[in-house]
Amino acid sequence: MRKMKKQKLTSIQTILEFNNTKKQPNISEYEEKEIVCFENYNGKLLIQDDNFNALKNLLNNGYKGKVDLIYIDPPFGINKRFENKKSGYYFDDKIIGIEYLQFMYERLILLRELLSDEGSIYLHCDWHKSHHLRFLLDEVFGEENFVNEVVWCYTGPSQTNRNFVRKHDTILIYSKTNEYIFNTEQLRVPYKKSTSVSGKSSFTGNTPEEKIKELDARGKLLEDWWNDIAGIAYAHGQDENYPTQKPEALLERIVKASSNEGSIVLDCFMGSGTTQAVAQKLGRKWIGIDKNPNAIEVVKKRFVKKFNIVL
């Protein structure tokens, strides 16, 4: 008898089934692991461990409510291995379906507990799972704590004749409370100029010249779509040959916006360590977690090259 192929669940079926079977993480059950870190780390930790265990370890060792900014670029749930052929560095994105939702749900709960009352979480994703992850963030942080859905637009080579070229990622931002850090003045960008003979700002119309000069000096507030930051392929001197690496300019904007000097910044899907490098540069404390030895190797090399610091 012919075996029937298992029918794939729709998105709503996946969400409903997950909602009926979801499990809360047990924070008290964790395995103590040796922490790889600065000799005198001053709040800066590099941890090689499964992030589920590492986050519970942090919660049980005094970090609850201490983190001002969390940035994560987690797996996208697409059952694929990402590999850089030049370096051989790779990571697996193999968890899919309901298991993926449970995987992310548990970690988001732990991250919420680590977040300070002034803290925010930035979750970087794309079209594969943005709808599912928005559902989870609403569930864990509350719809009322939604701050922004940022669209990061970029460009690059692509081969497709069956759809518009997919060249944007989504960054979902949620806070812990309504008293979150947000440094508005860090987010101003120059006004764009028109091509008119007068050279007036394209956003100011017939505004007097004196006012235009004032506006140009101050800049304008940044919108929730970012098309002024190029991908890593165009960030000269930054490429660590690690798959899906993000440019420092993207993390600089995020770190400046939602943390202060001395704040703890956490990334538990660390990868190439862009979050940690930017936090170090901007005078923040940081925590980087990844179980992949490739990631730990890349970050160590990056800190030697960039800061002459041996981790």
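Miscellaneous remarks
- Within segment 120-141, the set of residues being assigned to a strand (DSSP E or B) and either of a type in the set (F, W, Y) or on the phi > 0 side of the Ramachandran plot (or both) comprises Y122 only.
- Which numbered condition D117 fails, given (1) out of contact with any strand residue (DSSP E or B) (no Cβ under 7 Å at 6 or more places or on another chain); (2) open to solvent by 10 Å² or more (accessible area, probe 1.4 Å); (3) within 23 Å of N178 (Cβ to Cβ); (4) not in a strand (DSSP E or B): (4)
- Within segment 40-53, the residues that satisfy the criterion of being under 12 Å from K291 (Cβ atoms) and either within 18 Å of the chain's Cα centre (by Cα) or open to solvent by 40 Å² or more (accessible area, probe 1.4 Å) (or both) are I47, Q48, D50, N51, F52.
- Close pairs (6 angstrom Cβ cut-off, 6 or more residues apart or separate chains): free of Cβ contacts under 8 Å to residues at least 40 places away in the same chain and buried (at least 17 other Cβ atoms within 10 Å of the Cβ) in segment 130-157, part of a strand (DSSP E or B) and β-branched (V, I, T) anywhere: V147/I173
- Residue ID - surrounded by the fewest Cβ atoms within 10 Å (Cβ to Cβ), chosen from residues in segment 63-100 that are within 15 Å of T244 (Cα to Cα) and of a type in the set (G, A, S): G88
- Each residue in segment 64-87 was checked for being part of a loop (DSSP other than H, G, I, E, B), at negative phi and touching a strand residue (DSSP E or B) at 6+ places or on another chain (Cβ under 8 Å), and 7 of them qualify.
- Pairs, first farther than 25 Å from V304 by Cβ in segment 254-272, second modelled with pLDDT of 95 or more and open to solvent by less than 10 Å² (accessible area, probe 1.4 Å), C-beta under 6 Å, six or more apart: S258/L69; S258/S120
- Scanning segment 221-278 for residues that are open to solvent by 40 Å² or more (accessible area, probe 1.4 Å) and among the aromatic types (F, W, Y) yields W225, Y234.
- Within segment 282-311, considering residues that are open to solvent by less than 10 Å² (accessible area, probe 1.4 Å) and of a type in the set (F, W, Y), the one nearest to the chain's Cα centre (by Cα): W286
The values are calculated or read from the model by the stated rules, or taken from the named source; none is laboratory data. No experiment lies behind these values; they were computed from the predicted model shown. Methodologically, a virtual Cβ is constructed for each residue, glycine included, from the backbone with ideal geometry; neighbour enumeration extends over all protein chains shown. Please note that ligands, DNA and RNA were not included when accessible areas were found on the heavy atoms of the full protein model with its side chains. Shrake-Rupley method; radii C 1.70, N 1.55, O 1.52, S 1.80 Å.
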